[in-house]
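The values are calculated or read from the model by the stated rules, or taken from the named source; none is laboratory data. For clarity, every value in this text was computed on a predicted model and none was experimentally measured. Cβ placement follows ideal geometry from the backbone for every residue including glycine, while neighbour counts extend to all protein chains displayed.
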Amino acid sequence: MLAVADIEQLPVEQARKGDPGAWDTLFRRYQMPLYVYAYELLRDEQASLDVVQETFIAASRHLASLRSDEKFGGWLFGITRQKCTQRWRQSRREESAMETFANEPGETGPGADEWLIRREQEADFLRLLEQLSDPQREVLVLFFLEEFSLEEIARITRVQLGTVKSRLHYAKKAMRQLLENKPL
Amino acid sequence: MKTPRELLFEQHKNAQPDLDQIRRDVLKELAGEADPPGNRIWGLSWLLGLLRSPAGRFQIAGLGAAWMVILALNLVAGHDTSATPANSRAGSDRTVGVAWREYRRQLSEALESPAAVATAKPNQRSFLRPINPKSMSNV
């Protein structure tokens, strides 16, 4: 299974050398996925825009710390998550309140682009996302947006691999029920 | 039929103008920060680009030739510098002689006319400047 970021050549090396065009390409490529991810974590449009801006600035300043160019996408999402966490802490929202799951065996289901939503299901899909717990929604969004591997999602979200598997398993199960018109 | 990704992007399409503005702002900020390594790379790529094109090679060859001519002229001029002080000293002596004669002529004219002597007085400030006795004793 190819991740979305694996099939494209990103000008990370040129950006490292300070090429503004390369930065423009990278920002264009990731601005919407990062915004959607931040929004699904924060549920606040303005805060999500701020997080995207902070992510871009942090990325441009700390790109030298990225050891492997092909992990640029995951690294960027990791920064975004860090910024969101800072905001959670600022708003005194306790991370411990987030639901945790017992480890479940991972599954190798269809790729992100193989989940197809019919027009009449669109509203249900968006409602389902809202109904999912924050951790479940986060892994599902990362999977759908960039098709990150479980290991990458674990690295971005800073949780155990087993926990990511579990969260994704439950989120996909809920999605499957929705798409098969089964009651949730 | 849409993928979840497409659906999520569509849901947030209203944020697109704001995101574009953020991207432009950050790029502007990046451009504002001095980046010497980037400039060096740009300079190097410009030179390499010039070398790659045939016209660029002629331009570089022409510039090199011009520099060689300038260098050669400079070296030739450098050999002649031994003669320069004597010539310039002779010219300088002549100039000083003419200036000295002119000065003596003006001085004699001034001494002959009292009005001219009055105008020849030192100005007020230098005239009133106190003399430091210590500096005088050092002399």
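Taken over segment A:6-17, the criterion of being touching a Phe, Trp or Tyr at 6+ places or on another chain (Cβ under 7 Å) and within 13 Å of another protein chain (Cβ to nearest Cβ) is satisfied by A:A15 alone. Only residues that are out of contact with any Phe, Trp or Tyr (no Cβ under 8 Å at 6 or more places or on another chain) and more than 7 Å from every other protein chain (Cβ to nearest Cβ) were counted in segment A:23-32, giving 3. Of the residues that make up segment A:152-167, is at least one of a type outside the set (D, E), closer than 20 Å to A:Y35 by Cβ, in contact with a helix residue (DSSP H, G or I) (Cβ under 8 Å, 6 or more places away or on another chain) and not in a helix (DSSP H, G or I)? No, that holds for no residue. Would you say B:L7 is closer than 23 Å to A:V52 by Cα, modelled with pLDDT of 90 or more and at the interface with chain A (Cβ under 8 Å from one of its Cβ atoms)? Judged against the criteria, B:L7 is a match. Just one of (1) surrounded by fewer than 17 Cβ atoms within 10 Å (Cβ to Cβ); (2) within 27 Å of A:E130 (Cβ to Cβ); (3) facing another protein chain (nearest Cβ under 7 Å) fails for A:P20. It is (2).
Scanning segment A:81-88 for any residue that is at pLDDT below 90 and over 29 Å from A:R16 (Cα atoms) turns up at least one such residue.
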